[in-house]
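The values are calculated or read from the model by the stated rules, or taken from the named source; none is laboratory data. Just so you know, these numbers come straight off a predicted model, no measurement behind them. Here the Cβ is made from the backbone with ideal geometry for all residues, glycine too, and neighbour counts use every protein chain on show.
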Amino acid sequence: MDALEKMRAEGLDEVAVAAFAQQLERLEAGEQGLLREADIAPVDEVPALDDLSGDEGQVGEALERTVVIKLNGGLGTSMGMSGPKSLLELKDGLTFLDVSVRQVQGLRERTGARLPLVLMNSFATRAPSLEALDRHGDVSGDLPPDFLQGRVPKLRADDLSPVDWADEPSLEWAPPGHGDLYGSLLGSGMLDTLARNDYAYACVSNVDNLGAVVDPRILAWFAREEIPFLMEVARRTGADRKGGHLAQRSDGGLVLREVAQTTDEDLDAFQDIERHRFFNTNTLWIDLRALRTVLDEHDGVLGLPMIVNRKTVDPADKGSTPVIQIESAMGAAIDVFEGARAVCVPRTRLAPVKTTNDLLVLRSDAYDLDGQGVVLPARPAGDPVVDLDPDHFKLLADFEARFPAGPPSLRDCDRLTVAGDVTFGAGVAVRGTVRVEGPTHVEAGTVLTA
C-alpha cells in the first residue's frame, strides 16, 4: 500500500490526501524545503502595535464577525505528559484551556460580541479536550466546538514508502504541522460553517500562548485595511535565534523561514538577530473570505513550503527505522496571500510554555492572572531567565516533585540556574542572579541572592 492509499484507508479526507500528494511529489523530485539566504532579504521595519488606532464602532462590528481558533493538537510529550498539553494546570488551579475560555468570555462580556472559541484538535487530544471544554457551557456559540487536524504517514528514509511498525502502529503516523490548519478548515467543513454564520475573521494562536488575546486595535486595523493575512511578530533577542524569522522575497512579498529550512552555510545569517530582526509569534489574523478565494485558486492545496524532519519511527528508539516526516508551518502562508502584512507586538503578547523552565516562570509571581484570564507580567524588567537541569526537571513529574509546595518567588529574580538535583521548600524567594547546585534541599522561607 502506498502512502496515499494508506491515508484513504484511514478515512482521511481528499483535501488532506491531495496536500500530502503534492508534498510527496516535491520530495521525490529532490526538493528539501530549503530557503536560501541568497533568495531572501531582511525586513527592516513593520508597523508597531502601539502605533495602531481603530474606530470603536468598527471594532464592534469586526468583533461580531470574529472567531478565535486555538491550536490544541499537542500532547506535552516533551515534558513527559501523555495527555493534552492544554489540560496542564498553569496557575490558580486553572489549565491553559480554562484560561483561554476565560479570556474569550471576558471579552464577550465587555463588548457583547458573540466571539466563539473553536479548537483545532488532533485525534489524540479531541476527547479529553472536548470533555473539559463542555464544563464551561456555551463557548463555541453557533459553531461546532472543534475540527480535526489531519495526520500523515511517516515515510521510510531509504525509499519514501510508508513505514510499517507492527510493535506500535500509531507510530506509523505523524502530525502534519500546524500548516495543516487551512486544509483542515476546508476538509472538515468548518470553513463553510463559518461563512454560513457570517464570520469574516479568525484570530489563530497556540493554546499554550496565553499572551495571544484578541486585541481590538489589531482587529480594527486588520479589518479597515482589508488585510488578507496578518502575522504578529516580535523583535528577536538572543533567546530567539532558533525561531522562524520574517524575511522578504525579491518582489517584496513576505516569507517565513524556519531553521529546518536553512542550510548549514546560511545558519549564521539565520541566527543574526540584527540582520533578521523579527520572529513569528505564531499568532495570525486571517480574512476567511480571502482564505476561501486563495484555496479555490489553488484547488484546496496552498502548497506551503515543506519542513523535512528526519527522525526514527519510534522517537524513543534511535535504532528504529529512519523516517522522514513532512510538515509545514501555518505562518508560511504569508507567502501565499497577496498583500499579507506583519505587525510588531510587545513580548507581553508572547507567553508560551514549551518547557518546564517556562512553566515555572508562569506559575510563579513573575506573572499575575486577572479575573478575565489576562496574563500580566508583574515585573517591568521582563521575564526572569530560568535554566533548570534537564536531568532532574525536564519531565513534568520530576519537576513537580522538586517544587512540592509550589514555585519560588521570582518577582525580583533576573536569572535562576539550577544544576543537579535540588528540591525547593515553601516560600523560597529568588533575588537577582542565582545559581543553585545540588544535590541539596532549599529550606522553606530561604531568600536566595547572588
Task: Neighbours by Cβ (under 6 Å, 6+ apart or cross-chain): first from the stretch 360-389, surrounded by fewer than 15 Cβ atoms within 10 Å (Cβ to Cβ); second among the polar types (S, T, N, Q) - done: ASP387/THR417
TODO: With the condition kept exactly as written, say whether any residue in the stretch 75-86 is touching a strand residue (DSSP E or B) at 6+ places or on another chain (Cβ under 9 Å), over 25 Å from VAL345 (Cα atoms), without any contact (Cβ under 8 Å) to a residue 12 or more places away in the chain and not charged (D, E, K, R).
DONE: yes
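The rows are residues; the columns are (1) at pLDDT below 90; (2) surrounded by fewer than 17 Cβ atoms within 10 Å (Cβ to Cβ).
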{"site": "GLU5", "(1), (2)": "no, yes"}
{"site": "VAL17", "(1), (2)": "no, no"}
{"site": "LEU27", "(1), (2)": "yes, no"}
{"site": "GLY30", "(1), (2)": "yes, yes"}
{"site": "ASP50", "(1), (2)": "yes, yes"}
{"site": "SER53", "(1), (2)": "yes, yes"}
{"site": "GLY60", "(1), (2)": "yes, yes"}
{"site": "LEU63", "(1), (2)": "no, no"}
Task: strands (runs of 3 or more DSSP E) lying entirely in the stretch 253-355 (those with 1 or more residues that are more than 28 Å from PRO153 (Cβ to Cβ), touching a residue at least 24 places away in the same chain (Cβ under 8 Å) and in contact with an Asp or Glu (Cβ under 8 Å, 6 or more places away or on another chain)) - done: 254-257, 278-287, 341-344
- [ ] Filter the stretch 83-131 for residues that are part of a helix (DSSP H, G or I), hydrophobic (A, V, I, L, M, F, W, C) and more than 20 Å from the chain's Cα centre (by Cα) and give the result.
- [x] LEU107, ALA127
Open item on the list: Can you tell me how many residues within the stretch 132-156 are outside any strand (DSSP E or B) and over 22 Å from GLY60 (Cβ atoms)?
Closed with: 12
Open item on the list: For the stretch 142-162, which positions are surrounded by fewer than 16 Cβ atoms within 10 Å (Cβ to Cβ) and closer than 23 Å to GLN103 by Cα?
Closed with: ASP142, PRO144
